[in-house]
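To keep things clear, I will list the structure first and then write my remarks on it.
The values are calculated or read from the model by the stated rules, or taken from the named source; none is laboratory data. Note that the structure is a prediction, hence the values are computed from the model and not measured. Here Cβ is always computed from backbone atoms with ideal geometry, including for glycine, and neighbour counts include all displayed protein chains. Quick note on the areas: whole protein, heavy atoms, side chains included, nothing else; ligands and nucleic acids left out. Shrake-Rupley method; radii C 1.70, N 1.55, O 1.52, S 1.80 Å.
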Amino acid sequence: MNARRRITGYAQLVRSAIGLDEAATLELVECLMRQETGGVLDHLSAAAFASLARQSYGDAKAWNEIGPVNGFTLADFCRVEQIDLPTWATGPTEGAQA
């Protein structure tokens with residue numbers, strides 16, 4: 001899905017925090033943030049939201065760099081969560097199967 005999508009909702013806030021506008025990256029960062037907070041982002045202050053967005057983006061970049069964690073790659077995670085793999089991430093590699 002390389003078509004340019006309209007960025008709405010939390011993705012706009014994530015974009016402001018990390019300075020990128022690739023839809024797949026924004027979706028991945030939001031997904032990681034929701035996992036960290038138990039699925040709810042409404043309770044975060046603006047500063048806490050921005051900090052968590054930057055942390056989650058950094059975590060995603062690090063995961064991509066180091067490769068599989070417990071046999072599970074970033075590509076595997078995206079496949080399981082049914083989100084697009086960001087263009088900066090490596091493609092499907094060895095790891096858990098969806």
Consider Arg79 carefully, then state whether it is assigned to a helix (DSSP H, G or I), in contact with an Asp or Glu (Cβ under 7 Å, 6 or more places away or on another chain), surrounded by fewer than 20 Cβ atoms within 10 Å (Cβ to Cβ) and among the basic types (Lys, Arg). no
Could you grab me the full set of residues in segment 26-48 that are in a loop (DSSP other than H, G, I, E, B) and either under 14 Å from Ala11 (Cβ atoms) or open to solvent by 50 Å² or more (accessible area, probe 1.4 Å) (or both)? Gly38, Val40, Leu41, Asp42, His43, Ser45
Residues Ser56, Ser51: which one is of a type in the set (S, T, N, Q), surrounded by fewer than 16 Cβ atoms within 10 Å (Cβ to Cβ) and assigned to a helix (DSSP H, G or I)? Ser51
Give segment 9-46 a look and list any residue that's of a type in the set (Asp, Glu) and under 16 Å from Trp88 (Cα atoms), or say none. Asp21, Glu22, Glu27
Scan segment 60-70 and tell me whether some residue there is among the small types (Gly, Ala, Ser), at pLDDT below 95 and either in contact with a helix residue (DSSP H, G or I) (Cβ under 8 Å, 6 or more places away or on another chain) or not in a helix (DSSP H, G or I) (or both). yes
